[in-house]
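Following: one structure in structure tokens, then a few remarks.
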Amino acid sequence: MASVVNIRNAQEDDLLSILHIYNDAILNTTSVYSEEPHTIEMRQAWYQERLNNGFPVLVAEAAGKVVGFCSYGHFRAWPCYRFTIEHSVYVDPEFRGQGISKLLLRPLIHMAQQNNIHAMIAGIDSENQVSYHLHQSLGFRQVAHFKEVGFKFNRWLDLLFMELLLDE
């Protein structure tokens, strides 16, 4: 699959596909600590916020279909955090396990380096071993384990923070 996937900047026309992928993560996984599906208006506002702040939004496209996306944004909004970002990556459930997340994250990491970002943070549900190992394979290290900070699917969830220092 990896050889036929194109990674490119997202366009407004991609937002319905991005919404579908994100809502699947909300409704069916613990990748997003949210319970209510987003609307297209919410995704449009998110996309505009990313563009207005100069943050990238990338999509993975296979056979003309958006099969994944990634982005980064503020880790914390206060000025002294300006060199630290938090990223996210999501893949359509039909295309998971095919290396698309890694294809998306590599250029996102490169863009962060080009934008003088110092630290890149990943927030990962502690049970999501696929994401944990993906990030580990890209050089991220676990720096925090927050116990029972989320509640979804009628159970408590632990959140891990992983960090990649980009100028090491």
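The values are calculated or read from the model by the stated rules, or taken from the named source; none is laboratory data. Every value quoted in this text rests on a predicted model; they were computed, and no experiment measured them. Note that we place each Cβ from the backbone using ideal geometry, even for glycine, and neighbour counts take in every protein chain shown. Side chains included, ligands, DNA and RNA excluded: accessible areas come from the protein's heavy atoms. Shrake-Rupley method; radii C 1.70, N 1.55, O 1.52, S 1.80 Å.
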**GNM result for the chain, Cα springs below 10 Å: residue of Ala45, Ala119, Ala62 fluctuating most strongly** = Ala45
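Please compute the contact order of the chain in relative form: average sequence separation of alpha-carbon pairs under 8 Å and at least six residues apart, divided by the residue count, as a percent.
20 percent
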**Item:** Dipole-positive endmost among Leu27, Ala63, Asn53 within the range 1-67 (Cβ charges, Cα centre)
**Value:** Ala63
**Message:** Using the basic label-point model (7 angstrom from Cα toward the beta carbon), what is the Thr29 to Arg50 distance in nanometres?
**Reply:** 1.5 nm
**Request:** Provide the net charge surrounding Asp92, with neighbours chosen by a C-beta distance below 13 Å and charges set as Lys +1, Arg +1, Asp -1, Glu -1.
**Result:** -2
**Message:** So, for the chain, what is the accessible surface per residue at a probe of 1.4 Å, expressed in square angstrom?
**Reply:** 54 Å²
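What ranking, highest mean first, results for peptides 130-140, 17-27 when packing means the other Cβ atoms within 10 Å averaged over each residue? Numbers along the way, then the final one.
Numbers: 130-140: 16.3, 17-27: 18.1.
Per-residue Cβ counts within 10 Å, averaged per peptide and sorted highest first, yield 17-27, 130-140.
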**Request:** Provide the solvent-accessible area of Lys147, counting protein heavy atoms only and rolling a 1.4 Å probe, rounded to the nearest 10 Å².
**Result:** 140 Å²
**Request:** Run the quick spin-label model on Glu12 and Thr39: label points 7 Å from Cα toward the beta carbon, then report their separation in nm to one decimal.
**Result:** 1.8 nm
